[in-house]
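Have a look at the structure below before the remarks.
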Amino acid sequence: MSKPRCTFCGKSQKDAACLIAGDGVWICDVCVGVCNDILEERLLETPLRAPADTDLGRIEAHIRASVPGQHGAVRQLAAIVYNQHARARAAAAGKPVADDHANVFLTGPIGSGKTLAVRAAAEAADLPLAIVDAASFVVRRHQPDRDPMEALVHAARKIRTSAHYAILLVDNAHALLTPPTADGSIRHGQQKLLPILNGTATVDPKEACDSRRVLVVCCGTFPGLASLDDLTAIGFLPEFAAHFGVLCRFEPLPASELRALLTKENGLLADCARLFEREGVELRFSTEVVDGVVREAERLGTGTRGLRCVMDNLAIAVSMSFDARPPEGPFEVGSSLLHTGPGAPED
Ligand SMILES: [Zn+2]
């Protein structure tokens, strides 16, 4: 049998960094790169597709599958994203669609599921989603930040739909309140977003994409924000605040939701038990320990993140309590282990 050579360019195994074998053929790393470029070009020429058909109920159900609680807020978010979806579908069908729409302020504590909810909504509505960190607009870095419009077009290309009706999630939106400095070492983050909100930001002449119809969701904790009228009072520019018409508020997860996340099928307790099953240990959690985990997560006040953190520490404490080797038979996890893991409160 002859020595393998790239079927496309004839390079031998010795000259190529990598040869990939197929059924009686080979391709080298360089040719794979060339093919990728061609593929990207060709894909750009294929017509964009309209978002797949869906309805409000399905979008809401999809969000609920990944975000616990937040009943009214999830419904509100589903309706907003469904509206954007309907506009995208109408535009793709050649129907007239007004550009006007209200952008969203999404507030709520850390770990209440804000980002997850927007992700799930965009996925269910088959709309492109780009997530940018507001802090990157504010603090000057060595590298220029990624342009949000470019991020949108990139997200749209990935799912072969138009970027016109994309969703831009601005995470850590409180960074936009950082006052700019005269020497330019700290920029005005809101100024970076204004062209997008005004609909004048453009990118990619090929697609002639502008930002008039992009749905902007500013996401942050903003604990005191009770109404959009307060945006200017906390430091947002009037011309920035004017583009936001919907306030969607996520609440801290109540103890009942935290408990459900622990005890449901394939919940966090089951996760933890599976971890030990591999070592042949059957974990059993007492009611006191479940109560204790919920209380501790409530104290941390960071929702699902806090809950995970408490469970991780508990798992470590359980492992450490085994001394040299795992016990025979079932192991009852007692609440005494709750505060012995690393990161447990000192007091
Ligand atoms: Zn080759």
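Every number here is computed from the coordinates shown, using simple stated rules; none is lab data. Not measured: the values here are computed from a predicted model. Neighbour counts run over all protein chains shown; Cβ positions are idealised from the backbone, glycine included.
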So if each residue of separation counts as 0.36 nm, and I subtract the Cα-Cα distance between Glu288 and Thr200, what length gain in nm does that give?
25.9 nm
CD proxy, 222 nm, the chain: helix-only mean residue ellipticity via -39,500 (n - 2.57) per DSSP H run with n ≥ 4, per residue, nearest 500, stands at -13000 deg cm²/dmol
Within the under-15-Å Cβ sphere about Gly24, not counting Gly24, Lys/Arg +1 and Asp/Glu -1 give a net charge of +1
For Ala90 and Asp312 in the same chain, what is the full-extension length gain: residue separation times 0.36 nm, less their Cα-Cα distance, in nm?
75.2 nm
Cβ under 11 Å from Leu261's Cβ, Leu261 left aside: what net charge do those residues give with Lys, Arg +1 and Asp, Glu -1?
+1
Please identify the GluC sites (Glu not before Pro) of the stretch 234-311 that satisfy two criteria: DSSP loop assignment and at most 12 other Cβ atoms within 10 Å. Which are they?
Glu265, Glu279
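Hey, what did the chain get for relative contact order, percent, Cα under 8 Å, at least 6 apart?
So the answer I get is 16 percent.
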Do any of Lys114/Lys192; Lys158/Lys264; Lys114/Lys158; Lys3/Lys158 go past 32 Å between their Cα atoms, and which?
Lys158/Lys264; Lys3/Lys158
What relative contact order, as a whole-number percentage, does the stretch 232-315 give when Cα pairs under 8 Å and 6 or more residues apart are counted?
28 percent
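Find, among the trypsin sites (Lys or Arg not before Pro) in the stretch 227-316, those assigned to loop by DSSP (not H, G, I, E, B) with at most 15 other beta-carbon atoms within 10 angstrom. Before the final figure, lay out the partial values.
Values: sites: Arg249, Arg259, Lys264, Arg274, Arg278, Arg284, Arg295, Arg299, Arg305, Arg308; in loops: Lys264, Arg278.
The qualifying sites are Lys264, Arg278.
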Equivalent ellipsoid semi-axes, the stretch 44-169, via Cα gyration tensor eigenvalues times 5, rooted, Å:
23, 22, 12
